[in-house]
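The values are calculated or read from the model by the stated rules, or taken from the named source; none is laboratory data. The structure presented is a predicted model; accordingly, all values stated were derived computationally and were not measured. Cβ coordinates were reconstructed from backbone atoms using ideal geometry, including for glycine residues, and neighbour counts include every protein chain displayed. Calculation scope for accessible area: heavy atoms of the full protein, side chains included, ligands and nucleic acids excluded. Shrake-Rupley method; radii C 1.70, N 1.55, O 1.52, S 1.80 Å.
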Amino acid sequence: MVEPPADPSLKAFRLLVLVSTAARLVFAATAGLKYEEAYYWNYGQHPALSYFDHPPMVAWLARLSTGIFGNAELFVRLPAILLFAASLVLVHRVARDLFDSRVALGAAVLMTLLPTFEFYSMMLLPDAPLLFFWSLGLWCGHRLISESDPRWWWGVGLATGLGMLSKYPAAMIPLAPLLLLVLRRRWELLARWELAGAALLAVVLFSPVLAWNAQNDWASLAYQGTSRMSEATSFRDRFGGSLLNQLLMLSPGGLLAVGWAVGTGLRRWREPRFQYLLCVCVPFLGLMLLVSTRRLVQMNWPLPGYVAAILLLAALWSETGVWKRRRGLLGLILVPAALLSALPWVATLAEIGALNRADDFSGWTAMGRQAARIRAEMPRPQQTFLAGHGYQAASVLAYYAGDPQNTLSNNILGEHAKGYDFWTPPERYLGWDAVYMVYERPRSSGDWRPMVELDPPDRLKSHFARVEGPQNLTVFRGGKPLRRYVFYRCFDYLGP
């Protein structure tokens, strides 16, 4: 029997996954941690049912990976890289089922090139597991509808529960199949015990977050809900800033292309292949648009909604022959997107001083060594803790000085410090000495701007019997200043 020839699009997809994953592994091994990554790594050093900013999945993944392989940057990021590769496989499978292998390859190429996916595919952030479980829910929901098999509700429930352990927006995973089944009057798939069982499964999986919140005055749910929405500024800042963020995350051409794809898909609503994808992306992106009228929408927030939108875009481009007949237009969209995606690579792997203001990955190792050196010189090194002003400084200090259990933040000054408020209480260190670090970025004017302002500068003197400093360490890259670290030697902690 003669075997059928291998699908060239499928072979190209496998090569794309292999090469792009290998490239991300190289980046992960060579670039320092961004301060958010160090913060989530620090989650894993303080095991808990959940955390102030986010649910615990990112902490569990970091703890598992670094517990097996060690704390090198590569292994901190390894779960995110592997999960993105798995997300590509799931999205590719949905696109093949709905359309064909060429559309599936196009969707995978877009997910690999567009900055919004590239940035969150190689760093340890909660968006990586959210993207995977969202993609899993997309696939399970499609199988539920296409096969009319209620057992797929269990997959939707699993994806929802584990997704909500990653980020709260995963609560919207079941909305698409529910909405589509109602619109198509498929009551036989809605009036099933499997649906109720899947909902219960999602709640049980999410229960650690509920338990943590119940023990901590619902701090996380309040922060991500009412507190976030109360951060409103002017409408221009909210809507304009949100739009600018998405222009950066998708590139200008990419944002226009996604908008065109969603609009074109809506005009073809009656086609079953488009209905499901529209039910996935339109409610979520519509919610983000609504939020932008109240507060700034961060760069990564719409990420899950773009998954189905990218599938729509790949399908419509394949149908209209853009891949072959309009390569100039394609280049205008994809080349700027690829250049934006390459920015972290260029900023960190090439020493170009002009890009220092965009480089959050380099220069931390020297800071960690300096902090450890200063602590070793203190009169009581074994009773000297570390502290960074702001969770950003505290997190990179904890990772690069290698002592997360004895690293605190500006909570020692009685200020709010996100997750640090729920970890080691500052009162434990009464009478201890401290090495306190503030870091600053260069302005275009040549002045320095603190990441978090220590205001007033002598604030430390109210919380320690004696303070010495500052002692500065300036790190250069490409012949230009990258960052300045300001250290204070503090003696006899008096409390917050």
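In whole percent, how big is the carbon plus sulfur part of the accessible area of the stretch 17-138, probe 1.4 Å, protein atoms only?
Working: 2360 of 3430 Å².
Reported share for carbon and sulfur atoms: 69 percent.
Shape verdict for the stretch 92-140, please, from the Cα gyration tensor: rounded (a/c under 1.5), prolate (a/b greater than b/c) or oblate. Provide the component values of the computation, followed by the final result.
Numbers: a/c = 4.04, a/b = 1.45, b/c = 2.78.
Oblate shape, in that a/c is at least 1.5 and b/c is the bigger or equal ratio.
Could you pull out the longest piece of the chain with no exposed loop chymotrypsin sites (Phe, Trp or Tyr not before Pro) in it, calling a site exposed if DSSP puts it outside H, G, I, E, B and it has at most 13 other Cβ atoms within 10 Å? It would help to have the intermediate numbers written out before the result.
Details: sites that count: Trp218, Trp269.
Longest site-free region, per DSSP loop and neighbour criteria: 270-496.
Once the Cα atoms of helix 241-250 and of the chain are each reduced to a long axis, what angle between those two axes, in degrees from 0 to 90 to the nearest 10, is obtained?
It is inclined by approximately 70 degrees.
For the chain, with the dipole built from +1 on Lys and Arg beta-carbon atoms and -1 on Asp and Glu ones, taken about the Cα centre, which of Trp317, Ala354, Val335 lies farthest toward the positive end?
Checked the options; the winner is Trp317.
With charges set only on the Cβ (+1 for Lys and Arg, -1 for Asp and Glu), what does the dipole of the stretch 121-206 come to about its Cα centre, in debye to the nearest 20? Before the final figure, lay out the partial values.
Numbers: 7 positive and 5 negative charges, 36 e Å.
With Lys and Arg at +1 and Asp and Glu at -1, about 180 debye.
Quick one: angle between helix 35-44 and the longest Cα principal axis of the chain, in degrees between 0 and 90, rounded to 10, please.
The angle comes out near 90 degrees.
With the contact rule set at Cα under 8 Å and sequence spacing of 6 or more, what percent relative contact order holds for the stretch 124-192? Display every interim value, and only then the final one.
Working: 75 pairs, mean separation 23.1, N = 69.
Rounded, it is 33 percent for the stretch 124-192.
Placing unit charges on C-beta atoms (Lys and Arg positive, Asp and Glu negative, everything else neutral), compute the dipole magnitude of the chain about its Cα centre in debye, rounded to 20.
The dipole magnitude comes to about 1220 debye.
Could you please state how large a percent of the accessible area of the stretch 413-496 is carbon and sulfur, counting protein chains only and using a 1.4 Å probe? Numbers along the way, then the final one.
Values: 1940 of 4110 Å².
Result for the stretch 413-496: 47 percent of the exposed heavy-atom area is carbon or sulfur.
Before I look further, what does the stretch 43-140 give for accessible area per residue, probe 1.4 Å, in whole square angstrom?
Details: 2690 Å² over 98 residues.
Accessible surface, normalised per residue, equals 27 Å².
Restricting to Cα pairs below 8 Å that are 6+ residues apart, what does the relative contact order work out to for the chain? Please round to a whole percent. Can you show the working numbers first?
On the way: 825 pairs, mean separation 73.2, N = 496.
Contact order relative to length: 15 percent.
Could you derive backbone 3J(HN,Hα) for the stretch 423-436 from the dihedral phi with the Karplus parameters 6.51, -1.76 and 1.60 (θ = phi - 60°), listing whole Hz in sequence and x where the residue is Gly or Pro?
Along the stretch 423-436, the couplings run 9, 5, x, x, 4, 4, 9, 4, x, 7, 9, 8, 10, 10 Hz.
Rounded, prolate or oblate: pick one for the chain, where a ≥ b ≥ c are the square roots of the eigenvalues of its C-alpha gyration tensor, a/c under 1.5 means rounded, and failing that, prolate if a/b is larger than b/c, else oblate. Write down the numbers at each step before the final one.
Numbers: a/c = 2.10, a/b = 1.65, b/c = 1.28.
Prolate.
Looking at the chain, identify the longest residue range that excludes and avoids all trypsin sites (Lys or Arg not before Pro) in DSSP loops having at most 10 other Cβ atoms within 10 Å. Display every interim value, and only then the final one.
Numbers: sites that count: Arg185, Arg270, Arg443.
Result for the longest clean stretch: 1-184.
Which percent, to the nearest 5, of DSSP beta bridges fully inside the chain are antiparallel? List each step's numbers first, then the result.
Values: 21 of 28 bridges.
Of the beta bridges lying entirely in the chain, close to 75 percent run antiparallel.
In the stretch 239-398, what percent of the accessible surface is made up of carbon and sulfur (1.4 Å probe, ligands and nucleic acids excluded)? All intermediate terms of the calculation are to be shown ahead of the outcome.
Working: 4330 of 6770 Å².
Answer for the stretch 239-398: carbon and sulfur cover 64 percent of the accessible area.
How large is the accessible surface per residue of the stretch 275-318, computed with a 1.4 Å probe and reported in Å² as a whole number?
On the way: 1100 Å² over 44 residues.
Heavy-atom accessible area per residue stands at 25 Å².
How far is the Cα center of the stretch 437-486 from the Cα center of the stretch 75-117, in Å?
Here the answer is 41 Å between Cα centres.
Rounding to the nearest 20 debye, state how big the charge dipole of the stretch 1-139 is about its Cα centre with +1 on each Lys and Arg Cβ and -1 on each Asp and Glu Cβ. Present the calculation step by step, with values, prior to reporting the outcome.
Details: 9 positive and 10 negative charges, 38 e Å.
I would put it at about 180 debye.
Towards the positive end of the charge dipole of the stretch 149-209, with charges on Cβ (+1 Lys, Arg; -1 Asp, Glu), say which of Leu158, Leu175, Val203 has the farthest Cα.
Looking along the dipole axis, the top candidate is Leu175.
Can you list residues from other chains, or at least 5 along the same chain, whose modelled amide H is less than 5 Å from the amide H of Phe464?
For Phe464, the qualifying residues are Leu494.
Rounded if a/c is under 1.5, else prolate if a/b is larger than b/c, else oblate: which is the stretch 138-184, with a ≥ b ≥ c the root eigenvalues of its Cα gyration tensor? Walk me through the numbers before you get to the answer.
Details: a/c = 2.94, a/b = 1.61, b/c = 1.83.
It is oblate, given that a/c is not under 1.5 and a/b is not larger than b/c.
Quick one: angle between helix 73-98 and the longest Cα principal axis of the chain, in degrees between 0 and 90, rounded to 10, please.
10
With the contact rule set at Cα under 8 Å and sequence spacing of 6 or more, what percent relative contact order holds for the stretch 330-471?
Working: 149 pairs, mean separation 27.2, N = 142.
Once divided by the residue count of the stretch 330-471, the mean separation gives 19 percent.
Compute the separation of the alpha-carbon centres of the stretch 2-65 and the stretch 277-293 and state it in Å as a whole number.
26
So what are the ³J(HN,Hα) numbers for the stretch 190-207, from phi and the Karplus equation (6.51, -1.76, 1.60; θ = phi - 60°), rounded to whole Hz, Gly and Pro as x?
For the stretch 190-207, the Karplus curve yields 8, 8, 10, 5, 4, 5, 5, x, 5, 4, 5, 4, 4, 5, 4, 5, 7, 4 Hz.
From the residues Pro344, Ala31, Leu473, which one has its Cα farthest along the dipole of the chain in the positive direction, the dipole being from +1 and -1 charges on Cβ of Lys/Arg and Asp/Glu about the Cα centre?
Pro344
Before I look further, what does the stretch 387-486 give for accessible area per residue, probe 1.4 Å, in whole square angstrom? Don't jump to the answer; show the numbers that get you there.
Numbers: 4170 Å² over 100 residues.
Ligands and nucleic acids excluded, the figure is 42 Å² per residue.
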